[in-house]
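Below is one structure, written out as structure tokens; comments come after it.
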Amino acid sequence: MSTTTDASSEQAVTTTVDVKATGHVRRELGEHRFDYTFEGETLREFLDALFAEHPELQEMLVAETEAEASTEGWVDVDDLPGDWAKNPEGEQTRPYVRVVVNGAFNEHLDGFDTELDDGDRVALMFPFMFCC
């Protein structure tokens with residue numbers, strides 16, 4: 001449940017989400033499921049708070065450059081059919097990593113600006129194995 005606290009005329013909103021971690025993320029965190037309360041209401045604020053406690057996760061999950069977000073040997077990005085949009089550089093995940101909010105990839109929502117409510121499910125997925 002989001003709560004508002006009054007601290008010298010500033011209001012801090014907190015949100016509690018149900019976090020699920022798989023693969024390498026689970027190994028780093030030492031647990032696969034837990035509730036996490038953070039100050040704020042967006043995926044970005046959630047990740048910032050989590051990375052402050054577990055700095056190794058930021059490098060593991062977030063791609064700072066386009067090259068870190070891409071793999072070799074796939075389709076040429078200029079030839080994609082239909083309407084495709086990517087999160088801006090610095091706000092993408094590394095290859096094979098997924099950040100999922102209530103079953104939807106963050107790229108299909110509002111990226112790191114996706115709003116979170118109490119009880120939302122956030123999955124941080126980085127498999128131990130991946131295909132070819």
*asked:* Using a 1.4 Å probe on the protein heavy atoms only, what accessible surface does His32 show? Give it in Å² to the nearest 10.
replied: 90
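If you stretched the chain out fully between Arg33 and Glu115, how much longer would it get, using 0.36 nm times the residue separation minus the C-alpha to C-alpha distance?
On the way: separation 82, 0.36 × 82 = 29.52 nm, distance 2.05 nm.
The Arg33-Glu115 span can extend by a further 27.5 nm.
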*Rank Glu39, Glu91, Glu31 by accessible area, highest first, at a 1.4 Å probe radius?*
Glu39, Glu31, Glu91
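The values are calculated or read from the model by the stated rules, or taken from the named source; none is laboratory data. Everything numeric here is computed off the predicted structure, so don't read it as measured data. Surface areas here come from the heavy atoms of the whole protein model, side chains and all, with no ligands, DNA or RNA. Shrake-Rupley method; radii C 1.70, N 1.55, O 1.52, S 1.80 Å.
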